[in-house]
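Each reported figure results from applying straightforward, stated rules to the coordinates on display, with no laboratory input. Given the structure is predicted, the values throughout are model-derived calculations rather than measurements. When we count neighbours, we look across all protein chains shown, and the Cβ atoms used for this are built from the backbone with ideal geometry, even at glycine.
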Amino acid sequence: MAGTEWAPMDGGWTIGTAGSEGGIILRDDEHPLGSRITLERGGSTAPFAVTCGIYGSMFHTAFAGTEAEASAKYDAMRNRLSELLALPDDNREAYYAALDCFVNDF
């Protein structure tokens, strides 16, 4: 199942601290293949923000107006990140096309 390898960032110590969007971190997970996703509340741009990245490839932020919307985005984005990380390394063109779709979808 996609997403099963994610674990709390720094063992969960980041929960309740300030996030990159200026809010308070509610959820923060890292994937061992090199990705992180964070949900924060009360940032400077929107009520909720989901920031994510694949180390060395991409950084993206999506915004939400409610916690339910933000949580749904977080889960969907995390699953899609798992799919991106599972793509074979030998086809970089397909990888970057999938990254483009991810950013457009979120």
- Item | Per DSSP, loop chymotrypsin sites (Phe, Trp or Tyr not before Pro) in region 1-51 with at most 14 further Cβ within 10 Å | 13
- In degrees from 0 to 90, rounded to the nearest 10, what is the angle of the helix 67-86 Cα long axis to the longest principal axis of the chain? 20
- Query: Which residues in region 40-77 place their backbone N less than 19 Å from a point set 7 Å from the Cα of residue 99 along the Cα-to-Cβ direction?
  - Reply: 51-62, 77
- Helical contribution to [θ] at 222 nm, DSSP H n ≥ 4, -39,500 (n - 2.57), averaged over the chain, rounded to 500: -11000 deg cm²/dmol
- When P(r) over Cα pairs in 10 Å bins from 0, in percent is calculated directly from the model, which label among (i) 13, 41, 34, 12, 0; (ii) 15, 49, 30, 6, 0; (iii) 14, 43, 25, 14, 4, 0 fits? (ii)
